[in-house]
Amino acid sequence: MTPHIQLQCEALSQVLLAKQVSMTCAESCTGGMIAASCTNLSGSSAWFDRGFVTYSNEAKTDMLDVPATLIAKHGAVSEEVAKAMALGALQHSKADFSVAVTGIAGPTGGSEDKPVGRVWFAWASTNPAQCVSLMKVFPGDRQAVREATTALALANLVKMVAAS
């Protein structure tokens, strides 16, 4: 885990504990890196409920109830699917907050419309009920894209929890 990701996890831990709430994550392109980073911290069981690694489209549908028609219409790497993943993670957990990521880490799989490095994020909460999204295109190799995605996912979750 990079020092930047470690700092984000520590900040997330502090804010979740202070608010007495928990989180879940739904990951595609990061393949469990967000969950692994969070649970790398001792005591994370007090605030980390569970993680969903939904790499395939079928997994997104089976585990998070993302409609297959939504994936077919917009593609797995889309705002609509990211939001459905974040909301599905909340519905299938006891968490108060969720973060979801879906993207193209590369080096293959990109297209002109969806280049390598493109990631859609969504963050959701139960109280108040909200779901916000963001798209970024990160430079670098597969590992750099996955690490940048993890860091941003955690940083913005910290902001959402702190503002709640």
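Calculate how large, on average over all directions, the projected area of the Cα convex hull of region 1-82 is; give the answer in nm² to one decimal.
Average projection, Cα convex hull of region 1-82: 5.8 nm².
How big is the antiparallel share of DSSP beta bridges in the chain, given as a percent to the nearest 5?
The antiparallel fraction comes to roughly 60 percent.
Using Cα atoms only, what is the angle between the long axis of helix 79-91 and the major principal axis of the chain, expressed in degrees (0 to 90) to the nearest 10?
Between helix and principal axis, roughly 40 degrees.
State the volume of the convex hull built on the alpha-carbon positions of region 3-163, expressed per residue in Å³ and rounded to an integer.
Dividing the Cα hull volume of region 3-163 by its residue count gives 94 Å³.
Tell me the relative contact order for the chain as a rounded percent, counting alpha carbon contacts under 8 Å between residues six or more apart. Please list the in-between numbers first.
On the way: 336 pairs, mean separation 41.5, N = 164.
Normalised by residue count, the contact order of the chain is 25 percent.
Can you tally the net charge around Phe52? Count Lys and Arg as +1, Asp and Glu as -1, for every other residue whose Cβ sits under 15 Å from the Cβ of Phe52.
Summing Lys and Arg as +1 and Asp and Glu as -1 gives -1.
Helix 142-163 sits at what angle to the longest principal axis of the chain, using alpha carbons and giving 0 to 90 degrees rounded to 10?
40 degrees
Can you tell me the dipole magnitude for region 3-163 around its Cα centre, using point charges on the Cβ only (Lys, Arg +1; Asp, Glu -1), in Debye to the nearest 20?
Roughly 180 debye, rounded to the nearest 20.
Every number in this text was worked out from the coordinates using simple rules, so none of it is lab data. Values in this document were obtained by computation on a predicted structure and should not be read as measured data. Quick reminder, even Gly has a Cβ in these numbers, built from the backbone with ideal geometry, and neighbours come from all protein chains shown.
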